[in-house]
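Take a look at the structure set out below.
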2 protein chains.
Amino acid sequence: MSAIPHSLVQKTARVSEEVTRPFPGSRKIHVTGSRPDLRVPMREVIQAPTRTAAGEEENPPIPVYDTSGPYTDPEVRVDLMQGLPSVRSAWIQERGDTEVLDGPSSRYGRDRAADPQLAHLRFEHIRAPRRARAGANITQMHYARRGIVTPEMEYVAIRENGRLQELREDPRYAALLRQHPGEAFGARIPEVITPEFVRDEVAAGRAVIPANINHPELEPMIIGRNFRVKINTNIGNSSVSSGIEEEVEKLVWSCRWGGDTLMDLSTGKHIHETREWVIRNSPVPIGTVPIYQALEKVDGKAEELTWELFRDTLIEQAEQGVDYFTIHAGVLLRYVPLTARRLTGIVSRGGSILAKWCLAHHRENFLYTHFEEICEIMKAYDVAFSLGDGLRPGSLADANDAAQFAELETLGELTKIAWRHDVQVMIEGPGHIPLQRVKENVDKELEDCFEAPFYTLGPLVTDIAPAYDHITSGIGAANIGWYGTAMLCYVTPKEHLGLPDKEDVRDGIITYRIAAHAADLAKGFPGVQLQDNALSKARFEFRWEDQFNLSLDPERARSFHDETLPQQAHKVAHFCSMCGPHFCSMKITQDVRDYAAAQGMSAQEALEQGMQEKAAEFVEKGAKVYRKV
Amino acid sequence: MSAIPHSLVQKTARVSEEVTRPFPGSRKIHVTGSRPDLRVPMREVIQAPTRTAAGEEENPPIPVYDTSGPYTDPEVRVDLMQGLPSVRSAWIQERGDTEVLDGPSSRYGRDRAADPQLAHLRFEHIRAPRRARAGANITQMHYARRGIVTPEMEYVAIRENGRLQELREDPRYAALLRQHPGEAFGARIPEVITPEFVRDEVAAGRAVIPANINHPELEPMIIGRNFRVKINTNIGNSSVSSGIEEEVEKLVWSCRWGGDTLMDLSTGKHIHETREWVIRNSPVPIGTVPIYQALEKVDGKAEELTWELFRDTLIEQAEQGVDYFTIHAGVLLRYVPLTARRLTGIVSRGGSILAKWCLAHHRENFLYTHFEEICEIMKAYDVAFSLGDGLRPGSLADANDAAQFAELETLGELTKIAWRHDVQVMIEGPGHIPLQRVKENVDKELEDCFEAPFYTLGPLVTDIAPAYDHITSGIGAANIGWYGTAMLCYVTPKEHLGLPDKEDVRDGIITYRIAAHAADLAKGFPGVQLQDNALSKARFEFRWEDQFNLSLDPERARSFHDETLPQQAHKVAHFCSMCGPHFCSMKITQDVRDYAAAQGMSAQEALEQGMQEKAAEFVEKGAKVYRKV
């Protein structure tokens, strides 16, 4: 970290304007719930009116799900040095089942806090960690099972609904809300997401609200098959790169483009300090793979890992506020040889660390043997499990094989144990799978793991396109999301080749937003076609600005348009660059409609009456579609 | 076209080195058929050996389907001024059922040939057109139905097989040929594609070999559900851009990255001359939408279109060598009003031209009423129909609606008529469809159009991602290809926004190659997983160069890798930039395997014997995976 001068981190840490500027044509709104401090942020895209011969027709604002946090709120000035405002502190405090500790209870956390050499890197306003009182269970699942609707649950209900109930009662939205019936493959999505529904889904283990009590800054979200499909993004410095400020910039960038959660996969130095900065400034749940840091602590020697060291790492991270841990407890000793004849062996980092440990000691995976103790830690902070698929296939050839499915069955067994502790669980999935074998993965996961939310990496549907693996995996992701996966872990164009830069991250996120949205549409999630309909209407009416603003990436849509037709004037012109000004199919359709309307009859009626003279008149009066320039 | 100086076109027309340079680590091979002039080009990727403790193990060359034509053949020096060498002239001539005309028989063709103003634009070596002798039918379908296996049929059989029979007998390929069973949804793909199978598929109308007798330069290919899924790309200047040389450059670029066919959708000036240059230099079938040019001839006034003018345009283009025509004969007068209440009306250019014509004259679409006469022209040159979907949906909201499906039924009716003339037919399809309603399109097409090959544009599975519509549509394309679509029309990132540049074309093509390949894998096309397996093995063994060379876009894969680790040395290093040199999961797996092998037993056996001391020994001897740098 010596590359980061003292002053840079401590005195002036900031993210760039590029990652925080408000979205064009949009405004931040907040929907208030049953208490004044329960304010759910959304973004509303403002539209221009439709200009017709008869005058102007209003186009109503379109609400969109907003993961960007306070960074895009012009009312909030975020100071990275202070961290984000706390959303949940009062809720956590009111429950009265937690206590504030004097300081970190992990040995490592204490050592780092006491190390003067780290002063220049350290986030300044570290809160004392909070933990469940002795004997208390403070997980969202625990509350749900006791019938309690927490503010977190109400928050996600409002967030998932996206103001749909109000919109349904507003006649301006009537035409825009039409939607194809979905095929949900057994998902049961209600017309309205109520807080009680959220509670019941969390209680049943079908959904997870990752929300560590030490991450009060987060804006709660939910992961489950009966909710919107979510996407996870990854950041992380490796020993090859990169600095703290850069990681925070990536976090904000990820939230901006639509990352619902973020995993900090750092393997380099100063993981602890970087994580503090990231969590304090993150409006989205943060996940980690604690074994990565544990491995750093034993200088990369997997065989030297111990349960005690790992346990200390879990507590260290839980007290910083990590919301979910990837735990590779399903990599059992007896499964490891099942990978020996694979084309690509074990490709999961966590999986190979544990496989190596198991073989070296010829003992069972310590994450498996200590699983109940891990649950005890998880429930003291409400950290959710993301049970890792350490034996996932690294190539099509290895997809759906014995090793992969053996591990999945063990993850199911572990799910039951975690649920006995009321600890929230999601299940990680692959990886590389040919299209025709994707559904089998979801079906098996739902059965073996009792409908715990599935969280998959892609899957890539072919191995032959490195540099385009956001796309090979986006295809798999859309399908697996449709079949029932609750969260999709993104893949960038640099997968298999190198570390993603900012544009790679953006490409990866937008690709996954597309996949998740395609899945929501396919499942028939209520109201989810609204944005498509509004954008298509804007496109048809040549409201270019609205088309840009309603798109997943307004900035790129605009810049692509402007490459061919840079003049601002063209954004209201009734033609576009594809066909040129002489001819435009959209314009023709509009003229056909206008004609029918001008005649006081529908086109259908005109045709039915077969009035040849009206047709002739049309030719004469016809709008000058093919005008010369 | 005044932007193109005389000298540029006539004296020095050439394509850039960028679009013609041979692929790295590859060589062009030719598989010879039953006659010496039947030489099917393929590309073979050469691999480095695997280095093990025991020495080197050979990795065999991997054949890949090659659309790039003579441009990537170091043995051939292509001169755009001369056009490509003729592949099929002898075959056509030998059949003895065609005659060479004195000159163009279309009025427009003669006028252009006689116009001295066009001399500087004109391709110099225009061949006199060829036409079926009076009374003869010279279509591939006609031959097939008479039981004849043409050289074209044998050519595509060899091409589809990709040397699979030989590879199956070669032990070096045994492990690499393993493949998941497919789910082909009723497609019947044989283990070996024989010339007779090709003939039978063409005879049944389930496959099309677009091969105009006036395009002898083309390397024959086949489009059908029981063959590899193909992709089409589009070029075309509009009045906003672009020159002849640029269009030829785009053609070669498209072939390079994997376009199987190409449509010239030019709407600007000098369409006729541009097309001549394109066809003479094209190794892939060329399609057009003749109504576009017809419209230019009436100065953009759709109502002024006549059958006579259109007929002349068909002959003009057929005599230049266009291999398939999009004909929007299903846009019936009575269907047009079905679009009036759509969110996005009629978005197909051809569809709106004809809708406008129908409404203006209140008469039935002249393409429909003159369909038999069109068939007569098609069969005189063997031009295939691509029956256009003029009423395809332009938004999710309009997907699978009455207008779309009414037209599809009419296309089925027209298919039967064309087949009575032994004219080859494919059916165009949408467009914008949510994922859960994609399959319905294929099922309906197969039923209504009697399994004529389906050729779809995307479909886009969401409307909200302009600037990423190669991806929104790539998802739909992979799925629709899997379900049975025979050819996928590509979409570039600029769709809906502007005209694609070279990089957009590349992005669009690679995305569609991914989609087509994912579909082939999902259908279980024999041998199609070979490239995936080889690439994954190379990846696992850190043969970086082989990984790059086996990928769809070797150049981009390499450059992405080099962004993070530019040193050449790293391409053989046993780690990559993702995890850094300290830790690498692939390396661990390899070490586990090496250990088991060194002990003279499999990992399984070692575990079964439960030899604790061997495990301990491993720790001691263990390869230094986590070495310090």
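Here are the numbers for the structure shown:
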quantity: Test result for B:D102, in a loop (DSSP other than H, G, I, E, B) and buried (at least 21 other Cβ atoms within 10 Å of the Cβ); calculated: no
quantity: Hits in region A:473-507 (condition: in contact (Cβ under 8 Å) with a residue 60 or more places away in the chain, within 11 Å of chain B (Cβ to nearest Cβ) and over 27 Å from A:E191 (Cα atoms)); calculated: A:L499, A:R506
quantity: Matching residues in region A:286-305 - criterion: being away from chain B (no Cβ under 14 Å) and polar (S, T, N, Q); calculated: A:T288
quantity: Filter pass, A:F227 being farther than 19 Å from A:T67 by Cβ and aromatic (F, W, Y); calculated: no
quantity: Residue in region A:239-248 that is in contact with a Lys or Arg (Cβ under 8 Å, 6 or more places away or on another chain), touching a residue at least 24 places away in the same chain (Cβ under 8 Å) and crowded, with 24+ Cβ neighbours inside 10 Å present; calculated: no
quantity: Candidate set: region B:521-530, residues that are part of a helix (DSSP H, G or I) and in contact with an Asp or Glu (Cβ under 8 Å, 6 or more places away or on another chain); chosen: the one surrounded by the fewest Cβ atoms within 10 Å (Cβ to Cβ); calculated: B:K523
quantity: Some residue of region B:372-382 being farther than 23 Å from B:I213 by Cβ and either part of a loop (DSSP other than H, G, I, E, B) or within 14 Å of chain A (Cβ to nearest Cβ) (or both); calculated: no
quantity: B:V347 being more than 25 Å from B:I315 (Cβ to Cβ), assigned to a helix (DSSP H, G or I) and within 28 Å of the chain's Cα centre (by Cα); calculated: no
quantity: Matching residues in region B:383-406 - criterion: being more than 10 Å from every other protein chain (Cβ to nearest Cβ), in a helix (DSSP H, G or I) and surrounded by fewer than 24 Cβ atoms within 10 Å (Cβ to Cβ); calculated: B:A402, B:F405, B:A406
quantity: Number of positions in region A:251-295 that are of a type in the set (V, I, T), in contact (Cβ under 8 Å) with a residue 60 or more places away in the chain and under 20 Å from A:Q82 (Cα atoms); calculated: 4
quantity: All positions within region B:169-188 that are more than 13 Å from chain A (Cβ to nearest Cβ) and in contact (Cβ under 8 Å) with a residue 60 or more places away in the chain; calculated: B:D170, B:R172, B:Y173, B:G186
quantity: Residues satisfying the stated conditions in region B:350-371, i.e. within 31 Å of the chain's Cα centre (by Cα) and more than 8 Å from chain A (Cβ to nearest Cβ); calculated: B:G350, B:L354, B:N365, B:F366, B:L367, B:Y368, B:H370, B:F371
quantity: B:L367 out of contact with any Ser or Thr (no Cβ under 8 Å at 6 or more places or on another chain), buried (at least 24 other Cβ atoms within 10 Å of the Cβ), within 24 Å of B:K444 (Cα to Cα) and at pLDDT 95 or above; calculated: yes
quantity: Condition broken by B:A518, with the remaining ones in (1) part of a loop (DSSP other than H, G, I, E, B); (2) on the phi < 0 side of the Ramachandran plot; (3) facing chain A (nearest Cβ under 7 Å) satisfied; calculated: (1)
quantity: Any hit, region B:113-136, residues being closer than 24 Å to B:R35 by Cβ and either free of Cβ contacts under 8 Å to residues at least 24 places away in the same chain or not in a loop (DSSP other than H, G, I, E, B) (or both); calculated: yes
quantity: Region B:525-564: number of residues that are more than 7 Å from chain A (Cβ to nearest Cβ) and farther than 17 Å from A:L343 by Cα; calculated: 10
quantity: Condition met for A:R172 (assigned to a helix (DSSP H, G or I) and over 20 Å from the mean Cα position of the chain (by Cα)); calculated: yes
quantity: Matching option when the condition is more than 26 Å from A:G258 (Cβ to Cβ) and in contact (Cβ under 8 Å) with a residue 12 or more places away in the chain, among A:R35, A:R43, A:R88; calculated: A:R35
quantity: Region A:479-504, residues that are at pLDDT below 95 and among the aliphatic types (A, V, I, L, M); calculated: A:L497, A:L499
quantity: Filtered residues of region B:351-381 (kept if of a type in the set (G, A, S) and under 19 Å from A:R593 (Cβ atoms)); calculated: B:G351, B:S352, B:A355, B:A360
quantity: Filter result for B:E160 (charged (D, E, K, R) and crowded, with 22+ Cβ neighbours inside 10 Å); calculated: yes
quantity: Residue list for region B:325-344, restricted to those being more than 19 Å from B:E428 (Cβ to Cβ) and part of a helix (DSSP H, G or I); calculated: B:L333, B:R334, B:P337
quantity: Selection status of A:E219, farther than 30 Å from A:I126 by Cα and either surrounded by fewer than 24 Cβ atoms within 10 Å (Cβ to Cβ) or touching a helix residue (DSSP H, G or I) at 6+ places or on another chain (Cβ under 9 Å) (or both); calculated: no
quantity: Region A:330-354 residues that are in the same structural domain as A:D448 (by the TED database) and surrounded by 24 or more Cβ atoms within 10 Å (Cβ to Cβ), paired with ones that are at pLDDT below 90 and in a loop (DSSP other than H, G, I, E, B) (beta carbon under 7 Å, 6 or more apart); calculated: A:R349/B:C579
quantity: Residue selected from region B:407-417 under the condition within 24 Å of the chain's Cα centre (by Cα) and of a type in the set (A, V, I, L, M, F, W, C), by the criterion surrounded by the fewest Cβ atoms within 10 Å (Cβ to Cβ); calculated: B:L408
quantity: Scan of region B:428-460 for residues that are without any contact (Cβ under 8 Å) to a residue 40 or more places away in the chain, within 7 Å of chain A (Cβ to nearest Cβ) and buried (at least 24 other Cβ atoms within 10 Å of the Cβ), ordered by number; calculated: B:P434
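The values are calculated or read from the model by the stated rules, or taken from the named source; none is laboratory data. Computed from a predicted structure; not experimentally measured. Every residue, glycine as well, gets a Cβ built from its backbone with ideal geometry; the counts of neighbours run over all protein chains shown.
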